[in-house]
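Let me begin by presenting the structure, written as structure tokens, before commenting on it.
The values are calculated or read from the model by the stated rules, or taken from the named source; none is laboratory data. Computed from a predicted structure; not experimentally measured. All Cβ positions, glycine included, derive from the backbone under ideal geometry; neighbour counts span all protein chains shown.
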Amino acid sequence: MAGGRVAIWWLEVSKVASPHWPALLARLDQAERDRAQRFHFDHDRLCYVAAHALGRGLLAAWTGVAAGGWGFTVDAFGKPEAVPPAGMRRLRLNLSHTRGLAAAALTEEHDVGVDVEWLGRRPVEDGLAQRFFAPAECAQLVALPPEARHHAFLDFWTLKEAYVKAIGKGLAQPLDSFAFTLDPLSIAFDDSLSDDPSHWLFRRLRPTESHVLALALRHPDPGSVVVETRAMSAEELLAYP
């Protein structure tokens with residue numbers, strides 16, 4: 001079945017040696033390099049370069065097509081789509097980066113989204129959850145011990161971001177129109193949404209001690225999907241053509 005496999009790669013930015021950055025930047029096309037230069041802070045620029053080089057490396061590993069040879073289109077909501085060579089299945093790539101980490105998820109045909117967050121960010125106030133989350137999610141947060149709420153908030157946030165990235169709407173989709181349960185992990189939709197929870201696969205991962213990662217994949221048979229995860233180094237990434 002097409003899309004019965006999804007790969008998730010991540011790269012710790014702090015572990016990339018200085019001599020590797022020019023080679024990673026060279027993997028990007030001119031538009032990506034121009035955007036990288038517009039970041040004000042170096043750490044944001046490096047995370048962006050890492051994410052886009054990671055995505056291109058994942059495409060190269062999946063298909064054998066050189067990392068620098070991929071083109072991308074952008075849909076009405078700004079979501080990039082990889083342009084496959086003639087005769088190749090449609091590939092769905094999604095990228096995310098946060099302080100210290102870049103991530104990429106790739107599958108065939110099916111909607112996919114990935115999101116990462118840094119656990120070291122300042123803890124959020126309860127009002128932010130009440131503003132953006134569904135009532136059922138807010139209730140789960142309130143029921144937790146105070147010391148557990150920050151991690152749980154970021155679990156909810158990354159799951160919700162991964163979902164809206166997968167459907168291609170970004171924050172145009174109200175975040176309180178669907179709700180996650182963390183244990184067991186599941187999603188529920190408002191009646192106004194024509195979506196089916198049984199057609200979604202979600203994963204929560206801890207790629208490092210300082211980061212959380214969430215994956216969302218739309219698939220008619222989620223139980224058949226093989227999820228492959230891999231922590232990459234710059235050396236391993238640059239080994240792909």
If you go through the stretch 165-184 one residue at a time, do you hit one that is surrounded by fewer than 14 Cβ atoms within 10 Å (Cβ to Cβ) and among the aliphatic types (A, V, I, L, M)?
yes
Could you pull out every one of the helices (runs of 4 or more DSSP H) wholly within the stretch 109-168 that has 1 or more residues that are in contact with a strand residue (DSSP E or B) (Cβ under 8 Å, 6 or more places away or on another chain)?
135-143, 146-167
Going through 181, 229, 208 one at a time, which residue ends up being in contact with a Gly (Cβ under 8 Å, 6 or more places away or on another chain) and among the polar types (S, T, N, Q)?
208
Evaluation of residue 158 against (1) crowded, with 19+ Cβ neighbours inside 10 Å; (2) farther than 22 Å from residue 12 by Cα; (3) of a type in the set (S, T, N, Q) (one fails), failing number:
(2)
Is one or more of the residues making up the stretch 207-215 touching a residue at least 60 places away in the same chain (Cβ under 8 Å) and closer than 16 Å to residue 110 by Cα?
yes
If only one of 71, 78 is modelled with pLDDT under 90 and at positive phi, which one is it?
78
From the list 60, 134, 51, 104, pick out the single residue that is buried (at least 20 other Cβ atoms within 10 Å of the Cβ), out of contact with any Gly (no Cβ under 6 Å at 6 or more places or on another chain), closer than 21 Å to residue 210 by Cα and of a type in the set (Gly, Ala, Ser).
51
Subset of the stretch 213-241 [touching a helix residue (DSSP H, G or I) at 6+ places or on another chain (Cβ under 7 Å) and under 11 Å from residue 10 (Cα atoms)]:
213, 232, 233, 234, 237
